[in-house]
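**Q** Let me begin by handing over the structure; questions about it come next.
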């Protein structure tokens with residue numbers, strides 16, 4: 001039962017931490033020389049990816065399989081774009097791969113863990129039903 005709890009909470013915690021990491025990038029919207037209104041507007045625009053990720057996390061929290069597929073797909077779909085954008089900027093294969101590991105891999109892993117959690121709970125539920133049926 002302890003492993004079920006770990007599998008249940010690991011993707012949620014990982015996804016929250018990854019969203020916090022992505023949200024940190026929005027802090028560059030605060031620059032000297034801009035009015036507070038412009039800075040807040042720029043910050044809200046920079047936070048759109050985080051808001052989308054929070055929405056996907058809420059979906060995954062309720063429907064683990066669907067949210068897991070969404071997170072996994074999102075991480076896999078954005079990896080080439082993030083890699084290429086970083087590679088053209090810094091011309092370093094290893095640095096670009098490291099950035100992929102830091103930004104998109106947590107969402108890929110969280111998506112896989114959400115799907116594992118869904119299937120583990122489903123299997124556990126079936127086993128409990130079988131045991132109850134056999135006990136009668």
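The values are calculated or read from the model by the stated rules, or taken from the named source; none is laboratory data. This one's a predicted model, so the numbers in the text were calculated from it and none came from an experiment. Glycine gets a Cβ as well: all are built from the backbone with ideal geometry, and neighbour counts include every protein chain shown.
**Q** Quick one: count up the residues across segment 34-53 that are part of a helix (DSSP H, G or I) and either free of Cβ contacts under 8 Å to residues at least 12 places away in the same chain or surrounded by fewer than 12 Cβ atoms within 10 Å (Cβ to Cβ) (or both).
**A** 11
**Q** Among the residues of segment 1-33, what is the count of those that are farther than 30 Å from residue 124 by Cβ, in a helix (DSSP H, G or I) and over 17 Å from the mean Cα position of the chain (by Cα)?
**A** 3
**Q** Could we say that residue 69 is farther than 15 Å from residue 13 by Cβ, surrounded by 13 or more Cβ atoms within 10 Å (Cβ to Cβ) and at pLDDT 95 or above here? If you could, list the steps in order and put the result at the bottom.
**A** Details: farther than 15 Å from residue 13 by Cβ: yes; surrounded by 13 or more Cβ atoms within 10 Å (Cβ to Cβ): yes; at pLDDT 95 or above: yes.
Yes.
**Q** While we're on this one: Can residue 11 be described as closer than 24 Å to residue 128 by Cβ and surrounded by 13 or more Cβ atoms within 10 Å (Cβ to Cβ)?
**A** yes
**Q** Just to be sure I understand, how many residues within segment 14-33 are touching a residue at least 60 places away in the same chain (Cβ under 8 Å) and loosely packed, with under 15 Cβ neighbours inside 10 Å? Before you say what the answer is, go through the steps one by one.
**A** Step one: filter segment 14-33 for residues touching a residue at least 60 places away in the same chain (Cβ under 8 Å), giving 14-15, 17-18, 21-22.
With loosely packed, with under 15 Cβ neighbours inside 10 Å added as a condition, the list becomes 17, 21.
So the count comes out to 2.
**Q** Give the residues of segment 96-118 that are in a helix (DSSP H, G or I) and either under 18 Å from residue 25 (Cα atoms) or out of contact with any helix residue (DSSP H, G or I) (no Cβ under 8 Å at 6 or more places or on another chain) (or both), sorted by residue number.
**A** 96, 98, 99, 100, 101, 102, 103, 105, 106, 107 - these are the residues of segment 96-118 that are in a helix (DSSP H, G or I) and either under 18 Å from residue 25 (Cα atoms) or out of contact with any helix residue (DSSP H, G or I) (no Cβ under 8 Å at 6 or more places or on another chain) (or both).
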